[in-house]
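All remarks here apply to the structure that follows.
The values are calculated or read from the model by the stated rules, or taken from the named source; none is laboratory data. Quantities reported herein were computed from a predicted structural model and do not represent experimental measurements. Cβ coordinates were reconstructed from backbone atoms using ideal geometry, including for glycine residues, and neighbour counts include every protein chain displayed. Accessible surface areas use protein heavy atoms only, side chains included; no ligands, DNA or RNA. Shrake-Rupley method; radii C 1.70, N 1.55, O 1.52, S 1.80 Å.
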Amino acid sequence: MRGADKVIEALERQGVEYVFGHPGGAAMPIFDALVDSKKLKFVLTRHEQGATHMADGYARATGKPGVVLVTSGPGATNTITGLLTAQMDSSPLIVLTGQTITSMLGKDAFQEADIFGISMPVVKHSYLVRDPNDIPRVMMEAFHIATTGRLGPVLVDLPKDVTQGHPLPECTTDFPEKVYLPGYHLHPKPDPQCLEEAAKLLMASRRPVLYLGGGCIAAGGHQVAHAFAEKTRMPVTNTLLGKGSFPEQHDLSVGMLGMHGTAYANRTVEHCDLIMSVGGRWDDRITGKLSEFCPNAKKIHIDIDPAEHGKIVMPDVFIEGDARQVMEELINLVGPIDTEEWLAQIDAWKKKYPLKYGKKGGLKMQAVFDRLYELTNGDAVVTTDVGQHQMWAAQFYKTKHHRQWLSSGGAGTMGFGFPAAIGAQFGRPDNLVVAIAGDGGFQMTLCELSTAVLNKLPIKILVMDNKYLGMVRQWQNLFFDNRLSGVDLEGNPDFVKLAEAYGAKGLRLRRNADIDKILTQALEYNDGPCLIHAECEKEDNVFPMIPANAPLSEMIIEPPKHKLAAPTGST
Amino acid sequence: MQNGSSTSTATAAPIVDQQTDQQVTIGLLVNDRPGVLVRISQVFARRAYNIESLVVSQAHIPNSSRMTITCSGPVDVLNQIILQLNKLVDVIHAYDHSDDQAITREMGLFKVACSVEERTEVLQLTEVFRGKAVDISEETITLEATGDSEKLDALEKLLNKFDLREMVRTGKVVMARGSLTT
């Protein structure tokens, strides 16, 4: 059997449904083998970056690994942003790249790129296969590594002579019964002593808060998190990636924390006497100034990755393990905590600092997301790019379902939202999928309109057009004397016409008064993708805001009246 | 090293925690696979940390290699580095051997140019350090010495009094004492 056929067989054995990608010379044997597969559906993208985000969106929406197939050279290097995005947010991807023939490796052959070397810092693991007989083992290991422990992307570089069966021999080995990886240690069962200690700290606390991150969703920990919060009567906050791990409508939820989180979530964290992270990583968007982050609170950190232990915050107790498994054991060791006074205080904060936005002036992004939430009953699968629209969407599109919210958190990748929505819609054909994109981000991957139209995917695409790279403009406005530099997106196309040019439905939204009408029209449209060009107010800023590296107590809730010092934190 | 402790002045507040740097010796057992060295060195390089000494050789277990790495930095960063090394799929384990429970050795070759009159002194010095002469020419004498790194440092210092033309050191190797695992 040709190596290429073995690659396809490996994908079929793993239950892969879709392969996202783009062909080229070095990958031709694999594309040829794909013709004979009855199980795999190939989705031709218009750019390899789009393929990686689609596979990532598919993975985040379904919990199954996303698969990408591209060629060598530029085809391979175009996957780097997608690999980084997946690596930063621990999303399981398998990226197969074609490569020049083994005898030409290192000789600057046509479309040769050392993708094995280039990608190393942004993958969980990677392979350069030199022997066709290694294919079954490598493919099994790749899937095993991507989908266990802390999830992440794995790249497999496949030289053309390894896959095409000549002049190198064909693949004669079979799939091993199990993988043997002596250096790959999967998490142990949670340590009973750590569990006891954590339970003791929890029961001694009076102002605890449960902080849920992306790891809680990856582990399928949403149900036990719910039970845990209700049993202990702990308030719950979630990160951007943790949206969907606990219903934000619940009385115990304070919503998202961090730089643009709710004021009441940040007050809760600021004043807590115990914070328990479940699958979170104390990101700098969350802690603000580290030396002043909850200095007097006990900290419990539950994470599947032992390298997270003390990386940012040194916890009192670290429990290595799968978020779900740890909570399922810990819940048996705890009872109700006396949080009545604490919850009353939090309620007062909720009343004092509600999320709000002005109703006057041009079209408000906040109002669009607020209404989208109501009109979709909070059930849509929502994807975003990065920036102002992302933060407002996170604030106003409250989540309640596991795997409902797909956003590039760690990498902050512009152009993620739309292709991720395509991948999510393939994986969840029966769900409503809404891509919320910025005018900047959308223009980075909009070529995938072809992919969405050809596959008749009923995605709703909201292009939030304020003719600015809004978040950067906000920083220049607040911290750089409004000296605007490189943020003007004057010259944006007419996105309605653009959608129509691709054969998609296009709708225009200009006034707050039309939000319901236009959104309803889009939601009722079912003949392929529908794009809304939302022409928004140009100069609105996102609040609350904690300037980078400021302590949580310095949260800015209302637009400031005086000039602010430039933040000292990273971006 | 990025986080030097002597860079701050009275007027400029220090940007990084003023922790004194420590040296760490890490013993690794790794899969003998292409790329493993790059993955390991990237854990250091992404912080712009410098590997001071690196020794790689075959292990007694098939398909695996031994590495000994020496690096300096603040303790918390070094601890994080060791955790991240252990996280690599091709690293079977990485242990910190900076304490005294380990034997460390290094071998050095020293090429000294010296006159016939100076030779006796150089050879006496070599003997004190339990080294030996391995090559001799009309102008030069080449010495071999083994020991912990401090011993070789001391020998180098003394040989500098002569015309030390070249020095090549293997870098430090480590082995845990007794039944402890390296």
Problem - Residue in region A:312-330 that is open to solvent by less than 10 Å² (accessible area, probe 1.4 Å), in contact (Cβ under 8 Å) with a residue 60 or more places away in the chain, within 30 Å of B:Leu88 (Cβ to Cβ) and within 14 Å of chain B (Cβ to nearest Cβ) present - result: no
Handout entry: Members of region A:86-122 found to be of a type in the set (S, T, N, Q) and on the phi > 0 side of the Ramachandran plot, listed by number
Key = A:Ser90, A:Gln111
Completion exercise
Across region B:86-103, the tally of residues that are crowded, with 20+ Cβ neighbours inside 10 Å and away from every other protein chain (no Cβ under 14 Å) stands at 1
Practice task
Can you give me the ranges of the strands (runs of 3 or more DSSP E) entirely in region A:78-178 with at least 3 residues that are under 24 Å from the mean Cα position of the chain (by Cα)?
Solution key: A:93-99, A:153-159
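Residue by residue, here is whether (1) farther than 23 Å from A:Gln164 by Cβ; (2) free of Cβ contacts under 8 Å to residues at least 40 places away in the same chain; (3) more than 12 Å from chain B (Cβ to nearest Cβ) holds:
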residue	(1), (2), (3)
A:Thr100	no, no, yes
A:Met104	no, yes, yes
A:Lys107	no, yes, yes
A:Phe110	no, no, yes
A:Ala113	no, no, yes
A:Pro121	yes, yes, no
A:Lys124	yes, yes, no
A:Leu128	no, yes, no
A:Pro132	no, no, yes
Fill in the blank from the handout: So, first residue free of Cβ contacts under 8 Å to residues at least 24 places away in the same chain in region B:70-85, second residue open to solvent by less than 10 Å² (accessible area, probe 1.4 Å), Cβ within less than 6 Å, six or more apart or across chains; the pairs are B:Leu83/A:Ala307
Exercise for the section: Among the candidates A:Thr81, A:Thr163, single out the residue that is at pLDDT 95 or above and either surrounded by fewer than 24 Cβ atoms within 10 Å (Cβ to Cβ) or within 14 Å of chain B (Cβ to nearest Cβ) (or both). Expected result: A:Thr81
Practice task
Within region A:351-372, identify whether any single residue is acidic (Asp, Glu) and surrounded by fewer than 19 Cβ atoms within 10 Å (Cβ to Cβ), and answer yes or no.
Solution key: no
Exercise for the section: Could you tell me which numbered condition A:Tyr184 fails, if it satisfies all but one of (1) under 30 Å from B:Val30 (Cα atoms); (2) hydroxyl-bearing (Ser, Thr, Tyr); (3) open to solvent by less than 10 Å² (accessible area, probe 1.4 Å)? Expected result: (3)
Practice task
Considering (1) under 16 Å from A:Ile546 (Cβ atoms); (2) open to solvent by 10 Å² or more (accessible area, probe 1.4 Å), say which one A:Gln249 fails and leave the rest.
Solution key: (1)
Practice task
Mind listing just one residue for me: the one in region A:284-301 that is free of Cβ contacts under 8 Å to residues at least 60 places away in the same chain and part of a strand (DSSP E or B) and, of those, farthest from the other protein chains (Cβ to nearest Cβ)?
Solution key: A:Lys299
Practice task
Kindly indicate whether any position in region A:455-469 is modelled with pLDDT of 95 or more, of a type in the set (Lys, Arg) and assigned to a loop (DSSP other than H, G, I, E, B).
Solution key: yes
Completion exercise
Those strands (runs of 3 or more DSSP E) completely within region B:94-182 that have 3 or more residues that are farther than 19 Å from B:Ser53 by Cα are B:102-113, B:132-136, B:140-147, B:163-169
Handout entry: Residue satisfying condition, being more than 29 Å from A:Asp303 (Cα to Cα), within 12 Å of chain A (Cβ to nearest Cβ) and modelled with pLDDT of 95 or more, within set B:Ser57, B:Ser65, B:Ser41
Key = B:Ser65
Completion exercise
When A:Asp174 is run through (1) over 30 Å from A:Val7 (Cβ atoms); (2) among the charged types (D, E, K, R); (3) touching a Pro at 6+ places or on another chain (Cβ under 7 Å), the failure sits at (1)
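For residues that are of a type outside the set (Val, Ile, Thr), open to solvent by 50 Å² or more (accessible area, probe 1.4 Å) and more than 9 Å from chain A (Cβ to nearest Cβ), tally how many sit in region B:68-85. Explain how you work it out, then say what you get.
Quick first cut of region B:68-85, residues of a type outside the set (Val, Ile, Thr) only: B:71-74, B:76, B:78-80, B:83-85.
Now narrow it down to the ones that are open to solvent by 50 Å² or more (accessible area, probe 1.4 Å): B:76, B:79, B:83.
The next check asks that each one be more than 9 Å from chain A (Cβ to nearest Cβ); those that pass are none.
Adding up the residues that qualify gives 0.
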Handout entry: Number of the exception - B:Glu106 against (1) out of contact with any Cys (no Cβ under 9 Å at 6 or more places or on another chain); (2) open to solvent by 70 Å² or more (accessible area, probe 1.4 Å); (3) of a type in the set (Asp, Glu); (4) under 30 Å from B:Asp135 (Cβ atoms)
Key = (2)
Problem - A:Glu270, sole failed condition from (1) among the acidic types (Asp, Glu); (2) in a helix (DSSP H, G or I); (3) in contact with a strand residue (DSSP E or B) (Cβ under 8 Å, 6 or more places away or on another chain) - result: (3)
Practice task
Confirm whether B:Glu52 is more than 28 Å from A:Leu186 (Cβ to Cβ), in contact with a Cys (Cβ under 8 Å, 6 or more places away or on another chain) and assigned to a strand (DSSP E or B).
Solution key: yes
